[in-house]
Amino acid sequence: MAELPEPALPALDAPYALLAAGVGGTGVVTIGALVGMAAHLDGLGVTVLDMTGLSQKGGAVMSHVRIARRQEDLHAVRIATGQADAVLGCDIVVATGSDALSKMRHGRTRVIVNTAQAITGEFVRNPHQGFALEAMQAALRDVVGGDALELLDATRLATLLLGHSIGANMFLLGFAWQRRCVPVSRAALMRAIELNAVAVADNQRAFDWGRRAAFDAEGTQRLAASRESLPEPRRLSTSLDEIIARRGAFLVAYQDERYAQRYAALVGRVREAESRAAPGSTRLAEAVARNAFRVLANKDEYEVARLYADGSFAQALQASFEGDVRVRLHLAIPGTSPPDPITRLPAKRSYGPWMLHALRWLARLKPLRGTPFDVFGYATERRLERARAAEYLQTVDALIAELDAERLPLACEIASLPDKVRGFGPVRQRHAEASRAQQEALMADWARRRDRAAAGGRVTMPA
C-alpha cells in the first residue's frame, strides 16, 4: 500500500474531547484505550472513561477520551453536554441515541459514522421492524449539520478489503485520523497497537485502509466493489419482470414447470388488473409476486432435502472452511422427534454425515409432493400449508375482481400478509394464526369500503 500524506493534527489550544460510541464486544473500548495510550506516548495529558452500562457485550458502549497538552489541564473525565469535538459512531443506532446526541453541538462537533445495519434486540422481538437509516442520518444532520457529518459503511469496506468485519472500528479510527479528528500521532497509534499485542498486523492494516478511504474515497470504494462477490440468491431483483423470472425458475426446481406456470399466470392476472385500476402502478403485482412465491414454495421435507443435495451447501462449506470438515445436522424429523421437556415442542436430534446421503434420495421424491403417495403430506402442518396457499390464491383473485385505485393500498397490505408468517413448525403456526386474524379484519374493511362505494359514498384512503 502506497504511503499517504499525513494530515496536520488538531490544535490543542484547549482540551480535546473525542467520543467513541458503539456496541459492546466489538472493540469500542479498545479504540478508547488505544487513543489514550497514543496520547500518553505523545507526552500529552489524557483521560479515558468507558461507559458500558448494564451490558458489556451487545449493549450500548461509549468511550469518553479527553486530551490536552498537560494533564493538569483536564479537570473532568466525562464529556459534558455539547462538548464533544469529534464523535466516532461505530454503530449508528448507539450514535443516534440520546446520550450520544447530547454530547454533540452544531459548529463544534464533527461526526463520522458507520452506517452498517447491526441487528439489535428489538429485531429479535419484532422481525418486521425496519432499519430507520434515513431517519437516524437526519437526526445527526439536525444536530451537527451536513458539513460536519460523514457517513460510510465501514463494516462492508473492512470486510472486503481485510477479509473480515472485525477491523471495522479500527478502519473507522483510521478514517477519522486522516480527517484530523484524532489529535495523536500516527506513530504513537501504531505503537499503541503493538503494545496491545492483539492482531497487531490486522489492526494496523485496518487503520491504514481507513486512512486511504478518507484520502481516496472513490478509489477505495471501487477496489472494494471489485472484490465483492454477492451470491445470486442474495442479489435483490431490480424489476417486476426479474422478480417473476427468478422465482419462476426457483419453482421449476422446487416442483416442476407446470407449478411455475401456475405462479406466473397468477401474477400476470394481477398485473393486468392493476394496470386497469391504476395505470403505471406495479405495487400490488410486486406484493403478489413475492408473497405468492412464499406460500407456493413452503420449505417442506422435500425442499430441505433438495437444498442440501443441490451442491450449494457443499460449496458454501468449502468457501467458509479449510481442510476436512465433518458435518452434523440437527433435525426434527416428523414422527421421530420427542417433545422437548421444557417447551413441549419437537426437539431436534443430531445426525452424522450419512444423513446427507439420505437427503439426496429424499430430494428425488419431490414429484410425490401433494399426491396420495406423499407420506409427509398427511401431517397436520403440511395440510395447513396447502390450505393457506389455496386460500391466498383465492383471496388474490377476489381482490383483483373488485380492484380500484382507492382500495389499491389495502389490497397491497392484504397481499403482503404471508411475509409475516415466519419460522417452522409450531412457531410458524403461531404466526399464521396471527396473520389470519389480521386478514379477517382487513377483508372486513375491504367489504365495508366496497359496500360504501356501491352505495354512492366516497371512501378516502389514508396517505
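A short reminder: the numbers here are calculations on the coordinates, not readings from a lab. What you see is a predicted model, and the numbers here were worked out from it, not measured in a lab. Heads up, the Cβs are rebuilt from the backbone with ideal geometry, glycines too, and the neighbour counts pull from every protein chain shown.
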Prolate/oblate/rounded label for the range 179-224 (Cα gyration tensor, a/c 1.5) = oblate
Please give the helix 200-215 orientation as an angle from the longest Cα principal axis of the chain, in degrees from 0 to 90, rounded to the nearest 10.
-> 90 degrees
What angle, in degrees between 0 and 90 and rounded to the nearest 10, separates the Cα long axis of helix 28-41 from the longest principal axis of the Cα atoms of the chain?
-> 10 degrees
Crossing angle, helix 133-144 versus the chain [Cα axis fit, 0-90 degrees, rounded to tens] = 30 degrees
Of (1) 0.95; (2) 1.06; (3) 1.02, the label for Rg/Rh (Cα atoms, Kirkwood Rh) derived from the coordinates | (2)
For the chain, calculate the relative contact order in percent as a whole number, restricting contacts to Cα pairs under 8 Å that are 6 or more residues apart.
-> 11 percent
By per-residue mean of other Cβ atoms within 10 Å, what is the highest-first order of 310-321, 435-446?
-> 435-446, 310-321
First check a/c for the range 16-226, with a ≥ b ≥ c the square roots of the eigenvalues of its C-alpha gyration tensor; if it is under 1.5, answer rounded, and if not, answer prolate when a/b is larger than b/c or oblate otherwise.
-> rounded
Determine the relative contact order of the range 301-368: mean sequence separation of Cα pairs under 8 Å and six or more apart, normalised by residue count, in whole percent.
-> 45 percent
Cα gyration tensor shape for the range 304-377, rounded if a/c is under 1.5, else prolate or oblate = oblate
Quick one: which residues, 5 or more positions from Arg110 or on another chain, have an amide H under 5 Å from its amide H? H modelled 1.01 Å from N in the peptide plane, none for Pro or chain starts.
-> Ala86, Val87
Computed over the range 16-226: relative contact order in percent, which uses C-alpha pairs under 8 Å that are six or more apart = 20 percent
Determine, for each peptide in 397-405, 286-294, 86-94, the mean count of other beta carbons within 10 angstrom over its residues, then list the peptides with the highest first.
-> 86-94, 286-294, 397-405
